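Note sheet for the following structure.
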Amino acid sequence: MNVLAPEESKLYGGMNNRVDSVDEIGLQIADLLTGEVRFFFENNPELLSVESDHKLITGESREEIEMWVHEFGIYHKYGSLIKIPPDIMQKIQVFSGGSCIPIYRRSFAAGLLGYYTDLGQPRYIELYEGNFFQQID
């Protein structure tokens, strides 16, 4: 590190493994968040099935709203968007005494909550925009 990044190496304070992982606050927070997400989906199982189907999303398939990215001078299909039904969005936005996800959803850095639908489709909930973002297969 001294050779590759001499200025940054002066800032490095070292590391140790003397603290058990169960006592690390970062891991405890990750465990709490994981529990909250699990509890959220257990109490809102319709999120796993609403707007889910067997149709593959590919570069050639056509969906009502598609997401494309432009990289290296080439357009690539990234996925599709589906508006979340209002009754489902209500469960994401309004705390009802269950999971705390509705309370701290604005704290999600990317505004995304990723999971797989009941049919195995990789999908995100866009917490700010109110969409399901379904990734390309």
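Screening the stretch 95-136 for residues that are closer than 18 Å to THR34 by Cα and small (Gly, Ala, Ser) and picking the one that is surrounded by the most Cβ atoms within 10 Å (Cβ to Cβ) gives SER99. Regarding GLY59, is this residue in a helix (DSSP H, G or I), of a type outside the set (Ser, Thr, Tyr) and at pLDDT below 85? Here the answer is no, as GLY59 does not meet what is asked. For beta carbons closer than 6 Å, sequence separation of 6+ or different chains, a first residue in the stretch 73-94 that is loosely packed, with under 15 Cβ neighbours inside 10 Å and among the hydrophobic types (A, V, I, L, M, F, W, C) and a second that is in a helix (DSSP H, G or I) and modelled with pLDDT under 90, the qualifying pairs are VAL94/PRO102. Of all residues in the stretch 17-56, those satisfying the criterion of being surrounded by 12 or more Cβ atoms within 10 Å (Cβ to Cβ), touching a residue at least 12 places away in the same chain (Cβ under 8 Å) and outside any helix (DSSP H, G or I) are ASN44, VAL50, GLU51, SER52.
The residue list GLU60, GLU51, GLU46 contains one member that is more than 19 Å from ASP118 (Cα to Cα) and either polar (S, T, N, Q) or out of contact with any Lys or Arg (no Cβ under 6 Å at 6 or more places or on another chain) (or both), which is GLU60.
The values are calculated or read from the model by the stated rules, or taken from the named source; none is laboratory data. Predicted, not measured: the structure shown is a model, and the values here were computed from it. Quick reminder, even Gly has a Cβ in these numbers, built from the backbone with ideal geometry, and neighbours come from all protein chains shown.
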